[in-house]
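The values are calculated or read from the model by the stated rules, or taken from the named source; none is laboratory data. For clarity, every value in this text was computed on a predicted model and none was experimentally measured. All Cβ positions, even for glycine, are placed from backbone atoms using ideal geometry, and neighbour counts span all protein chains on display.
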């Protein structure tokens, strides 16, 4: 694996994660990390690829932030306010005897 191939794989992974987030019901693709086959032989990042790597990192951080915002909004929607003002998770059972 070369650095351009590794950056291409990272970019493709970001695109897949973005599509999964936008589709809403799609499970996220597998994470792409240091266990990428061949990554242990890459060596230092060539200077001419540094700007592309920085841009991909910025895209990754924006996606992480958006996931956190959506997770937080969903957690708030799922929480139930009680009469005393505290918040508890909704009940997770249905009484079928009534």
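Of 74, 63, 57, which residue is surrounded by 10 or more Cβ atoms within 10 Å (Cβ to Cβ) and modelled with pLDDT under 90?
Values: 63 fails: modelled with pLDDT under 90; 57 fails: modelled with pLDDT under 90.
After applying the criteria, what remains is 74.
Does segment 77-91 hold any residues that are modelled with pLDDT of 70 or more and either touching a strand residue (DSSP E or B) at 6+ places or on another chain (Cβ under 6 Å) or not in a helix (DSSP H, G or I) (or both), and which are they? Step through it out loud before you land on a result.
First, the residues of segment 77-91 that are modelled with pLDDT of 70 or more: 77-79, 84.
Answer for segment 77-91, where residues must be modelled with pLDDT of 70 or more and either touching a strand residue (DSSP E or B) at 6+ places or on another chain (Cβ under 6 Å) or not in a helix (DSSP H, G or I) (or both): 79, 84.
For segment 27-52, give me each residue that is at pLDDT 95 or above and under 19 Å from residue 16 (Cα atoms). Steps first, answer last, please.
Step one: list which residues in segment 27-52 are at pLDDT 95 or above, which gives 46-52.
Hit for segment 27-52 is 52, nothing else.
Mind listing whichever residues of segment 1-10 are modelled with pLDDT of 90 or more, in contact with a helix residue (DSSP H, G or I) (Cβ under 8 Å, 6 or more places away or on another chain) and over 15 Å from residue 50 (Cβ atoms)?
none
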